[in-house]
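Read through the structure below, which is laid out as structure tokens, and then see the notes.
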Amino acid sequence: MNPPLKDASLFERYSRQILFSGIGEAGQQRLASSSAVIVGCGAIGAATASLLARAGVGRLRVLDRDFVEPSNLQRQSLFDESDARESLPKAVAAQQKLRCINSSIFIEGVVADLIPQNADELLSGFDLILDGTDNFETRFLINDFAVKNNRPWIYAAAVGSYGVTMTIRPCLTACLACLLEGERSVSGAEETCDTVGVLGPVVQLISSLESAEALKLLAGKEGALHGRLISSDIWSGRFQTVEISRDPNCRACARHEFSYLEGDAQPHVTMCGRDSVQIHERSRSLDLAALGARLATAAESVRHNEFLLRFRVPPYEMTVFADGRAILKGSQDPAVARSIYARFIGA
Ligand SMILES: [Zn+2]
């Protein structure tokens with residue numbers, strides 16, 4: 001899985017990175033035997049996955065719960081029009097593209113929604129966790145998991161023309177709860193890409209900062225980490241870096257209360273932006289072909305591929321995944337989503 005760099009072609013492949021004194025041959029060797037899991041393969045996740053695959057990180061897992069749509073293509077740099085036409089799950093499309101980019105590393109795309117019940121299974125065993133998510137519920141879940149298991153992770157987010165990133169090393173740096181919970185909390189997290197949009201360049205900027213920190217950590221160059229919260233508005237050209245100190249009373253890294261990981265609060269129906277609602281159905285497996293046949297006369301525009309099935313009940317559109325999850329587009333009302341799910345998929 002991790003071929004030695006003595007292999008001349010691999011040495012040549014990474015030669016410009018090895019020449020860079022911060023990495024060197026030993027650093028490259030470390031990267032080859034390192035692993036990272038990228039949670040969410042939208043804009044930032046896709047860009048980061050591409051950079052790390054190209055850099056030769058030995059094992060990458062890419063998790064995503066969603067499928068490619070035409071409105072993603074403006075900023076989600078791993079996907080193209082055919083992925084959107086086929087409604088491929090992002091994790092599947094990403095796996096295909098990343099394997100074309102670098103066939104000498106191990107790459108795995110996993111179509112799943114990270115929730116407390118599967119966090120151990122999906123995140124364990126990786127040296128580093130990278131934020132490619134679009135919501136704070138999942139970020140706090142990652143933070144709880146990382147603090148509890150003493151794994152570094154990198155927070156990264158972008159909306160509009162603004163982006164922010166911070167590297168979190170449990171007990172050595174502030175964590176996300178130090179930053180965003182409690183009295184000193186920084187607000188402004190309410191805007192989303194679905195309400196105010198997002199520019200491709202800020203995604204690439206934040207992903208670049210996140211990926212550089214990832215390379216330092218995975219190459220064993222912790223001394224080079226910048227240790228600050230970096231934020232930037234790419235439209236105004238403003239950059240800011242702030243040192244964030246640990247909160248001595250932090251829920252997560254001081255008191256070890258992992259409320260997001262314990263997850264009793266996790267709802268079975270959640271908003272996922274852009275006028276849509278997601279229904280989580282744990283560990284249920286659906287026969288999409290049989291479901292398609294059953295829905296053929298009951299719903300409109302029924303179509304499916306091996307990963308998902310989609311149908312319309314105007315004005316709504318429901319996409320169902322093989323694991324039983326569903327995303328309803330056209331409403332933010334959980335009751336509507338539950339009702340359509342119950343009527344067409346069954347309890
Ligand atoms: Zn903390």
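If you go through region 63-98, how many residues are open to solvent by 10 Å² or more (accessible area, probe 1.4 Å) and among the aromatic types (Phe, Trp, Tyr)?
Total meeting the criteria: 1.
Please give the number of the condition Cys272 fails out of (1) open to solvent by 70 Å² or more (accessible area, probe 1.4 Å); (2) hydrophobic (A, V, I, L, M, F, W, C); (3) at pLDDT below 85.
With (1) open to solvent by 70 Å² or more (accessible area, probe 1.4 Å); (2) hydrophobic (A, V, I, L, M, F, W, C); (3) at pLDDT below 85 applied to Cys272, the lone miss is (1).
Which of the residues belonging to region 115-137 are at pLDDT 95 or above, assigned to a loop (DSSP other than H, G, I, E, B) and acidic (Asp, Glu)?
Across region 115-137, the qualifying residue is only Asp127.
In region 99-114, how many are surrounded by 13 or more Cβ atoms within 10 Å (Cβ to Cβ) and farther than 17 Å from Ala322 by Cα?
Qualifying residue count for the region: 8.
Out of the residues in region 138-184 that are in a helix (DSSP H, G or I) and β-branched (Val, Ile, Thr), state the one that is surrounded by the fewest Cβ atoms within 10 Å (Cβ to Cβ).
The extreme case among them is Thr138.
Just the residues that are of a type in the set (Ser, Thr, Tyr) and either part of a helix (DSSP H, G or I) or open to solvent by 20 Å² or more (accessible area, probe 1.4 Å) (or both), please, taken from region 10-62.
Ser15, Ser21, Ser33, Thr48, Ser50
From the set of residues in region 143-159 that are in contact (Cβ under 8 Å) with a residue 60 or more places away in the chain and away from the ligand (no atom under 13 Å from the Cβ), which is farthest from Leu209 (Cα to Cα)?
Step by step, filter region 143-159, then rank; the result is Phe145.
List the residue pairs whose Cβ atoms are under 8 Å apart, where the first residue sits in region 66-89 and is closer than 15 Å to Ile44 by Cβ, the second is open to solvent by less than 40 Å² (accessible area, probe 1.4 Å) and hydroxyl-bearing (Ser, Thr, Tyr), and the two are 6 or more positions apart or on different chains.
So the pair list comes out as Ser77/Ser50; Leu78/Ser50.
Name every residue in region 116-136 that is surrounded by fewer than 18 Cβ atoms within 10 Å (Cβ to Cβ) and either out of contact with any Cys (no Cβ under 9 Å at 6 or more places or on another chain) or without any contact (Cβ under 8 Å) to a residue 12 or more places away in the chain (or both), in order of residue number.
The answer is Gln117, Asn118, Asp120, Glu121, Ser124, Gly125, Phe136.
Which residue, of Asp233, Asp247, is open to solvent by less than 70 Å² (accessible area, probe 1.4 Å), at pLDDT 90 or above and within 16 Å of the ligand (Cβ to nearest atom)?
Exactly one of Asp233, Asp247 is open to solvent by less than 70 Å² (accessible area, probe 1.4 Å), at pLDDT 90 or above and within 16 Å of the ligand (Cβ to nearest atom), namely Asp247.
The values are calculated or read from the model by the stated rules, or taken from the named source; none is laboratory data. These numbers were taken from a predicted model, which means no experiment stands behind them. All Cβ positions, even for glycine, are placed from backbone atoms using ideal geometry, and neighbour counts span all protein chains on display. For the accessible areas, the whole protein counts, side chains as well, though only heavy atoms, and no ligand, DNA or RNA atoms are used. Shrake-Rupley method; radii C 1.70, N 1.55, O 1.52, S 1.80 Å.
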